[in-house]
1. Is it true that residue 50 is more than 18 Å from residue 110 (Cβ to Cβ) and hydrophobic (A, V, I, L, M, F, W, C)?
2. Given the structure, is residue 32 touching a helix residue (DSSP H, G or I) at 6+ places or on another chain (Cβ under 7 Å) and not in a loop (DSSP other than H, G, I, E, B)?
3. Counting only residues that are within 17 Å of the chain's Cα centre (by Cα) and more than 14 Å from residue 79 (Cβ to Cβ), which one in region 115-128 is surrounded by the fewest Cβ atoms within 10 Å (Cβ to Cβ)?
4. With the requirement that a residue be on the phi > 0 side of the Ramachandran plot and in contact (Cβ under 8 Å) with a residue 24 or more places away in the chain, what does region 30-42 give you?
5. Can you find even one residue in region 129-145 that is modelled with pLDDT under 80, buried (at least 18 other Cβ atoms within 10 Å of the Cβ) and aliphatic (A, V, I, L, M)?
6. List every residue pair whose Cβ atoms sit under 6 Å apart, with the two residues 6 or more apart in sequence or on different chains, where the first one lies in region 189-212 and is more than 15 Å from residue 238 (Cβ to Cβ) and the second, anywhere, is polar (S, T, N, Q).
7. Scan region 220-245 residue by residue and report those that are surrounded by 14 or more Cβ atoms within 10 Å (Cβ to Cβ) and part of a loop (DSSP other than H, G, I, E, B).
8. Would you be able to say whether some residue in region 35-55 is within 20 Å of the chain's Cα centre (by Cα), at pLDDT below 90, outside any strand (DSSP E or B) and of a type outside the set (Gly, Ala, Ser)?
Amino acid sequence: MNSDVWFRAGIIIIYGSSIDASPHSHHAIQLAWPRSNCGCTFDNKEINTAVVIDSNTQHQLKMDEGWILLVEPSSELGVALKKKLEGRPSRRFEGSSLSFNHPKNSRDLMEHLSSLFESLGLSTMLALFNQTQTTDPRIRTLLIELSQCLDGQCLKPNHWRASDVAKKLALSESRFLHLFSEELGIPWRPYLLWCRMICAVRAILKGASATDAAYMAGFSDSSHLSRSFRKMFGMTIRQAKSVFQES
């Protein structure tokens, strides 16, 4: 089925089918929530409830329809999911059956995710999906500038060094890093890395070569981009391109 994709700070949200059913691992913590009676196997065992998979844990997921969230481990949500694992490489959550229809818009997205997060006891995490709630005007301005960069002609990543950004905001580097993490629920450096990888994929979707997209987003070459992307998300750039085009 076609997939829909949403991006948030340190989070990629996909509604559709699993991308790669072969055994693999990735840096991002994964939360999968299959639709009821739509066929889902996790490590060759049939499941019908949500499952959380820890960072860098080899696993095999085949899902015909449902949610997949890829989460930065150092983010506030990633830390909360890690706690839910209670030291295990993965954990299934009974009683979290999904019966919703395919989400039609962002309102549907939040309604569906509310049910998922409530079933996991993580309702307080939903605020992280709304970046407009950022209270500090300096961080809001920074996010607007970064968004314009990603949507248009990208600036080289050295423009986004924490020390330079902090100076521009009239903050010490340590104060800036603390404030950003506090406002966004994710540290600056992993946030920026996610932005750079998404920037590269967007450039490829607009017709740029993998080499040009990699250079634009600050990777040394297309191989560096591909390795970084596979390590983070467990998928190739080609697989990501296919999924994002569908959305």
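The values are calculated or read from the model by the stated rules, or taken from the named source; none is laboratory data. Treat the numbers as computed from the prediction; the structure is a model and nothing was measured. Ideal geometry is used to build each Cβ from the backbone, glycine not excepted, and the neighbour counts take in all protein chains shown.
1. Details: more than 18 Å from residue 110 (Cβ to Cβ): no; hydrophobic (A, V, I, L, M, F, W, C): yes.
Against the criterion (more than 18 Å from residue 110 (Cβ to Cβ) and hydrophobic (A, V, I, L, M, F, W, C)), residue 50 does not qualify.
2. Working: touching a helix residue (DSSP H, G or I) at 6+ places or on another chain (Cβ under 7 Å): no; not in a loop (DSSP other than H, G, I, E, B): yes.
When the stated conditions are applied, residue 32 does not pass them.
3. Step by step, filter region 115-128, then rank; the result is 127.
4. We begin by selecting, within region 30-42, every residue on the phi > 0 side of the Ramachandran plot; these are 37, 39.
Listed by number, the list holds a single entry, 39.
5. Among the residues of region 129-145, not one is modelled with pLDDT under 80, buried (at least 18 other Cβ atoms within 10 Å of the Cβ) and aliphatic (A, V, I, L, M), which makes the answer no.
6. As it stands, the answer is 190/74, since those pairs meet every condition given.
7. 234, 235, 236
8. No, there is no match, as no residue in region 35-55 is within 20 Å of the chain's Cα centre (by Cα), at pLDDT below 90, outside any strand (DSSP E or B) and of a type outside the set (Gly, Ala, Ser).
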